[in-house]
1. So, in the range 493-504, exactly how many residues are under 17 Å from His170 (Cα atoms) and within 20 Å of the chain's Cα centre (by Cα)?
2. So, in the range 567-608, how many residues would count as being crowded, with 23+ Cβ neighbours inside 10 Å and among the charged types (D, E, K, R)?
3. Which of (1) buried (at least 20 other Cβ atoms within 10 Å of the Cβ); (2) closer than 14 Å to Asp774 by Cβ; (3) in contact with a Lys or Arg (Cβ under 8 Å, 6 or more places away or on another chain) is the odd one out, the single condition Trp734 does not satisfy?
4. Please indicate, with yes or no, whether at least one residue in the range 289-300 is assigned by TED's automatic domain parsing to the domain that holds Asn225, buried (at least 21 other Cβ atoms within 10 Å of the Cβ) and of a type in the set (A, V, I, L, M).
5. Tell me which residues, restricted to the range 514-534, are over 17 Å from Leu602 (Cβ atoms) and in contact with a Lys or Arg (Cβ under 7 Å, 6 or more places away or on another chain).
6. Taking Arg264, is it surrounded by 24 or more Cβ atoms within 10 Å (Cβ to Cβ) and not in a loop (DSSP other than H, G, I, E, B)?
7. Closer than 24 Å to Pro561 by Cα, hydrophobic (A, V, I, L, M, F, W, C) and not assigned by TED's automatic domain parsing to the domain that holds Glu379: does that describe Leu882?
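The values are calculated or read from the model by the stated rules, or taken from the named source; none is laboratory data. Remember, it's a predicted structure, so these values are computed and weren't measured experimentally. Virtual Cβ from ideal backbone geometry, glycine too; neighbours counted across all protein chains shown.
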Amino acid sequence: MRAALALVLVAPLLAVPASSASASSPADTTSDYVSTHPGPGRFPLAGAPVLVDDADYPGVVRVAGDLRSDLHRVTSAEISSKKDPIIVGTIGHSPTLAKIIARGKIDVSSIQGKWETTIEQVVENPLPGVKRAFVIAGSDQRGTIYGAYDLSRNIGVSPWYFWDDVPVAHQDNLYVLPGRHSQGTPAVKYRGFFINDENPDTGTWAPAYFGPGKAPGYPGGLNANYYAKVFETMLRLKANYLWPAVWGRAFAEDDPDNHATATRYGVVMGTSHEAPMMRGIEEWNRHAVNGTDPYGGNGMWSFRQNPDAIKAYWRDGAERMRDQDIEGVITLGMRGNGDVSLPDGDGIDLMSSIIDSQRAILQETGLIDRPQVQTLYKEVQRYWDKGYRPPDDVTVVFCDDNWGNMRKLPDPSLPPRSGGYGMYYHFDYVGGGRNYKWADTANLTNTWEQLHLAYTSGVNRLWVANVGDLKNEELPTQFFLDYAWNPSKWPVSKLGEWTRQFAEESFGTRLAPAIATILDAYGHLQSRRKPELLNRRITVDPAKDITTDSSAVVYDDQQTPFSLTDYGEMDRVTNDWLALAASADHLRKQVPAAWQDAFYQLVYYQVKDTAIVYDLRRAEFTNIAYAAQGRAATNALADRAEALFAQDQAMSDHYNTVLAGGKWKDWQLQPKIGYGNVARYGPNAPWQQPELNNVALPDEIFPYLQRITVPAGPAMGVALDGGSATTLPSFSPWQSQAPQYIDVYNKGTTPFAYTISSGAPWLRVSNAAGTVTDQIRATVTVDWRHAPRGVRSVPITITGAGSTTTVQAPISNPALRPAGFLEANGYVAIEADHYSRRTGNWQLLPGIGRTGNGLAALASGGRLDYTMTLTTSGPVQVSAYLSPRNNVLPTDGLKYAVSIDGETPQVVNVTTATGANDTTMNRQWERNTSQNTNVTTTTHTVAAAGTHTLTFWSVDPTVIVQRLVVDTGGVKYSYLGPPESRRA
C-alpha cells in the first residue's frame, strides 16, 4: 500500500493558479456528505493522505492521484502522514480493503458483485495502528473511480474545471459526515457520448493545444493527451462509454497510445453506427481507398462486391481488440462510407449476411461473449421494420431523428431480449434541415421527456449522445448522464433543482439560483428555433398534398421565419433575447474575478451572442423590407446590422484570443450566420455549414444587406401594422396583441411635417403631428368607454410632403357576455395547460412549448376542455400545435381528436397527415423539427356566436399538445402563432 504522495511521479500535482487558491469564494460549498464545519464523528479531509494499493486497477491507482490533487487544490493543505487516511480500493483487487473487510470493519455485501457501485464510509480502527479512515470501496474498477470523483465533486471541484476553466472555492477545512454513503448502482449500464462533427472547433484547437496525432501523414488527429482529458471528464460525470471522433480521424491509429490510455483510465470504448467491429471508417479510407488495398480487394466499401477484403479488415479490428485487451462494446452491421446508406441496397438477406459474418469473426477471435450492439440509425431502422432481428444477445440501439425525438421504442408485445435495448440521442447534428453545431440548443424538459419515455419503455442497456465537440454542450451532456445514472432522482418537477445544482457546482450557492434562472430561460428560448435557421422560412402550400408532393413544403433561405408585420413577432422574440442578455450582463458584474472566464464559457457567451444574432437578423430583414419600400432609414439599418455582426465577431475574438489567457485559441470558429448562400457555397448550402468561418465581411450576412440611393426631396410613405396597404388589423376590447400602429416614413433626405387625423373622437392616435426626418411610429387605440357597440370602420387620414393617404381602422365592440378565452382579431389562441377542465391522465411539461408549457397524454381517453367566446359563426379551423414527435409505438400512427360543443370528435393521424414519421426524414419532417412543432388543422362549424367548448382528446399516448388556435378568419402568418387570447 502506498500514499498518493508517491503518485506524484505518475500523476503530477495539477498546477493551481494563485487566483484559484486565494480568490474569494462565491459561496460556501455544501453537499450530501461533506461539510465545511466540524462535528461529532466527522472525518477531516484537509491534509489526509490518500492511500491505494499498487495491486488495484491502474484506473484506481491513477484516480487516487487526482483525488489527492483535488483535495490540495481546495484546501491548500499539505499531506501529513500523522493524519487519518483516505483509503481507496476495489473489492477483490485491494489487499488492504480485503483486510478491513476480514476484520469486520466494513460490510460490502450490499455492493459486492454489482456494476459500478460504491460505498463511502468513515471506519473506526480499520487496520492495526490506524485509528480511523475514510474508506472508498468500489464493487469494480469504475465503482471505485466514481466514488473518488464523487468526493471531488462534493468538495467543490467541477467536472468541467478543465473544459471551462472553473476554479475552486478555497476551504480551510472539509469534513465527511459519519455514516455510509453511496451513489447507488447506475440505472443504465453503458452511458456515454459521441464526439462528432468536431470541425472546425476541436479539429483546429486540439492539435495545437495537445499536439498533433502521430499517424504518418495525418497530423490533424487527436492524440492520447487530448483523450486523457476527455476520459477524465467522462469519469467525473459518471460516464463509462465513448464513441471517438470520426471526421478524418482514426482513434486507434492517430495515436497508438489512445486505446492504452482508455484502458489505463478504465473507459469502455465503442465506435459509431457507421464503424463496425471496433474500427473507424477512416482506417478503411486510409488503407483501402487512399492507398494500396492491403486486404487483397478492390478498395470498395461494399460487402457484395468486396466481401473478403472487408471481412479481413474486420478481423484485424477484432484481433486488435483481443490482443490489446480493450474493454469495448462492438458495433455490428454496416452503413455506406461517408455516413450514408449502403450502396448495395437494404435487403434483409444482406444485413443478415453481414452480421452473421461479423459474429463468425468474433467467434473465431474469442470475442463472441463481448457486448455487441446494432444501431438502427436512419435507414438501418428499415431492417428492423421489415422484420430483421439480430441475435438475441445483441443490444438493439434505437435512435432519435437527430433533433431529439425518438423514432422507435421497444414493442411491449415482444419477448425481452437478453441483449436489451439502447438509445442514440443528439445534442448536435450535421444534416437536414440544417446543421446545428454552434451552441447548446437543448430544451431540458424536452430532453427529460424523451429520456424518461425511453427508460420507462425498457431502454436501459446503453445510452449514447452526440455532443459534438463536448465543450459547448456541457449542460445537456451532464443532464443526460445524471438521468441515465438515476432517473428516479429527477422527475420533471425537479428540473429546476437540477439546473440550480448544475450552476452551484461551478459558481457556488449564492449565484446558482440566478444562473439557473438564466440557463432555464436560455434553453426555452433557444429551442424555439436553432440560431442557424434564423434566415429560413418554411411554409406549406395549402393547395398541395404534403404527404405525396414534396414541393408542398417550401424553403426560403432569404426570409425571416418571424413575422415583421404581424403580432409584433420579430420584435417580441428579439426583445425576449435582449432581456435575457441584459440579465446576464447584470449578473456578470456580480461574478468574482476568478470565475469570470468560467461564466463567459458556461453562461455568458451563448446568451449574449445569441441575443446579438437575433438583433442582427431583425436589423437585416427590416433593412431588406425597408429597401423595398424606399425608406430613408434603410441604410442606417444596414449599418446597424454590420455593427451587430462586428459585435458577434468581437465575442468570438475574445473567446479565441483573450479567454483564459489564450487557452482557447481558435476554438470559436463554428459558422452560424452564412447558411443558405447557394451562390457562394454550392448545392449543399441550404443545410451544410458555410465553408468559410465567420469573418468580418458584410457579405457573410446572408441574405445580403440592401443599400439604396435616397433622393434629396421629401416624399411620404405609410406602412401599417399587419402589412396591409389600406387597412389596420381589427380593433377589439378583447384583443391581446400589441396596439396597432402606423409608420409614417420619408423616402427622401429632407424632413417634412405631417398630421394624422382620426374619423372618430374615441379612436385616438399618438404622435399625431410633427416632423418626419427618417420615420415615426404612431399607435392607434380605442377609448372603449365611448366606442359604440357593433362592427364598423373608421377612416384615418395621414397628410405630409404634399400627399394624403387614408386608411381604415376596423372596429369590433362585441355586445356578448364574455366567458373563457375571447375571440379578437379573428382568432382564439390558447396555451395547452390553460384548460377549463381536465379528465384522464396527463402530465404537465413545463416550458416544452415554444410559447409555454405542454401537456403529454399518458393514456387514451383523456380530454381537455377550453371555454371560449366567439363573436362569429360558421366554419372555423382549429390548429393543434404539437411537439414534433414520431410514432414510437407499433401502431398505425400518432393520433389525437378535436371537437367543439360535443360534436363527434375529428380524429387526426399526425403521421399520415404530415408524413412526419417517414424513415427517409422528408421535407415535412424537416419543417416540423426545424420549427419544433407539428401543426395539423381540422375544420368545424359553429352554429352561432357566443360561448362554446373546445375539446382536445387524447387518442394515443406520447402526443404532447403545446397550444390550440381557433381561426375564425383572421389568423395571419407568424412563426409562433398569434399571442394567447385574453381570458374572461
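1. Residues that pass the stated criteria total 0.
2. Qualifying residue count for the region: 1.
3. (2)
4. No, the range 289-300 contains no residue that is assigned by TED's automatic domain parsing to the domain that holds Asn225, buried (at least 21 other Cβ atoms within 10 Å of the Cβ) and of a type in the set (A, V, I, L, M).
5. Once the filter is applied, which keeps residues that are over 17 Å from Leu602 (Cβ atoms) and in contact with a Lys or Arg (Cβ under 7 Å, 6 or more places away or on another chain), the range 514-534 yields Arg528, Lys530, Pro531, Glu532, Leu533, Leu534.
6. no
7. On the way: closer than 24 Å to Pro561 by Cα: yes; hydrophobic (A, V, I, L, M, F, W, C): yes; not assigned by TED's automatic domain parsing to the domain that holds Glu379: yes.
Criteria met by Leu882.
Condition check ((1) without any contact (Cβ under 8 Å) to a residue 24 or more places away in the chain; (2) over 25 Å from the mean Cα position of the chain (by Cα); (3) closer than 30 Å to Gly431 by Cα) across all residues:
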site: Ala636; (1), (2), (3): no, yes, no
site: Arg640; (1), (2), (3): yes, yes, no
site: Asp653; (1), (2), (3): yes, no, yes
site: Gly674; (1), (2), (3): no, no, yes
site: Tyr681; (1), (2), (3): yes, yes, yes
site: Arg707; (1), (2), (3): no, yes, no
